[in-house]
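Here the structure is laid out as structure tokens; the discussion comes afterwards.
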Amino acid sequence: MKLYYAPGACSLADHIAMHEAAMNFDRVKVDLKAKLTEDGTPFGEINPKGYVPVLEFDDGKRLTENIAILWWVAQRTPSLAPSGDEGRLRLIEMLAFISTEIHKQFGRVFRPSADAEATAAREKIGQRFALVATMLGGDYLFGNDVSVADAYLFTMLTWARKMGIDAPAELQAFYARMRERPAVKLAFEHEGLD
Ligand SMILES: N[C@@H](CCC(=O)N[C@@H](CS)C(=O)NCC(=O)O)C(=O)O
């Protein structure tokens with residue numbers, strides 16, 4: 001199994017979740033600007049959508065989209081999801097919120113020119129972090145056990161720190177807790193992050 005990733009990109013969420021699940025997998029670094037994998041393969045041949053993450057299974061089939069990959073990891077490792085039908089429903093609700101309401105907003109923040117849209121996006125992200133801070137069920141989103149959604153939220157917080165977007169104290173404490181997890185340390189080491 002191979003995870004195609006770019007250092008510090010949203011694929012970090014999948015990378016962390018797969019380590020939390022103690023999965024064995026190879027990593028393939030992608031240069032998103034050049035659209036090439038580290039062995040020089042045009043990335044469009046791997047994912048015509050042109051973006052990471054991509055999870056390639058041993059039979060050659062590929063899965064894209066953070067929500068789908070994180071969901072797959074949670075299906076394989078139920079301890080990384082809240083339990084029961086209601087728990088699974090809440091997990092997909094949370095993954096969708098992080099993906100469509102936080103992750104997508106960062107696209108505007110990362111633009112080279114800071115325009116009115118970028119400013120509005122920063123405000124929205126701040127509001128959504130404030131809301132997520134109230135949703136923590138304990139040390140993590142769904143209580144005191146880590147889930148795949150925590151890996152995604154943590155990745156968003158790494159971006160917020162990089163881009164100077166404030167997060168409430170509860171999320172800063174969450175960030176610090178996540179940062180100490182062996183799975184996070186390993187993913188940082190593999191991706192060459194600080
Ligand atoms: N809908 C996709 C979006 C993934 C995405 O935004 N990937 C970014 C990195 S965080 C990327 O590879 N961007 C390169 C590009 O779009 O050219 C998902 O949630 O998996």
Item to check | GLY137 long-range amide H proximity, modeled H, under 5 Å | outcome: PHE142, GLY143
Checklist outcome for this item: Scalar couplings 3J(HN,Hα) for the range 107-112 by Karplus 6.51 cos²θ - 1.76 cosθ + 1.60 (θ = phi - 60°), nearest whole Hz, x for Gly and Pro, are x, 6, 5, 6, 4, x
Next on the checklist: Give the separation of the Cα centroids, the range 122-180 to the range 46-73, in Å.
Outcome noted: 24 Å
Checklist outcome for this item: Excluding near-sequence neighbours (fewer than 8 apart on one chain), the chain holds lysine pairs with C-alpha atoms under 16 Å apart numbering 7
Checklist outcome for this item: With the dipole of the range 82-181 defined by +1 on each Lys or Arg Cβ and -1 on each Asp or Glu Cβ, the option from SER99, ALA114, MET156 whose Cα lies farthest towards the positive pole is ALA114
Checklist entry - Residue by residue, what Karplus-based ³J(HN,Hα) values in Hz, rounded to whole numbers, does the range 183-192 have, using 6.51, -1.76 and 1.60 with θ = phi - 60° and x for Gly and Pro? => result 5, 6, 4, 5, 5, 4, 5, 5, 8, x
Item to check | Residues whose placed amide H lies under 5 Å from that of ARG27, excluding near-sequence neighbours | outcome: LEU3
Checklist outcome for this item: With +1 on the Cβ of every Lys and Arg and -1 on the Cβ of every Asp and Glu, the dipole magnitude of the range 82-181 about its Cα centre, in debye rounded to the nearest 20, is 380 debye
Checklist outcome for this item: Interchain or sequence-distant (5+) residues whose placed amide H lies within less than 5 Å of the amide H of LEU36 are ASP31, PHE43
Checklist entry - At each listed q (0.18 Å⁻¹), what is the log10 of I(q)/I(0) that the Debye formula gives for the range 82-181 modelled as equal alpha-carbon point scatterers? => result -0.81
Checklist entry - In Å, what is the Rg of the alpha-carbon atoms in the range 120-177, and how long is Dmax? => result 10.7, 34
Item to check | Cβ-based net charge around GLN105, under 15 Å, with every Lys or Arg adding one and every Asp or Glu removing one | outcome: +2
Item to check | the chain, helix-only ellipticity at 222 nm - DSSP H runs n ≥ 4, -39,500 (n - 2.57), divided by all residues, nearest 500 | outcome: -16000 deg cm²/dmol
Checklist entry - Which ³J(HN,Hα) values, rounded to whole Hz and listed in residue order, are derived for the range 161-178 from phi using the Karplus coefficients 6.51, -1.76 and 1.60 in 6.51 cos²θ - 1.76 cosθ + 1.60 with θ = phi - 60°, glycine and proline given as x? => result 5, 5, 9, x, 9, 6, 10, x, 3, 4, 6, 5, 5, 4, 4, 4, 5, 4
Checklist entry - Packing-wise, with mean Cβ within 10 Å as the measure, how do 91-99, 167-175, 112-120 rank, highest first? => result 91-99, 167-175, 112-120
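All of the numbers you see were taken from the coordinates with simple rules; none came from a lab. All of these numbers come straight from a predicted model, not from anything done at the bench. Using ideal geometry, Cβ is built from the backbone for each residue, glycine included, and neighbour counts are taken over all protein chains shown.
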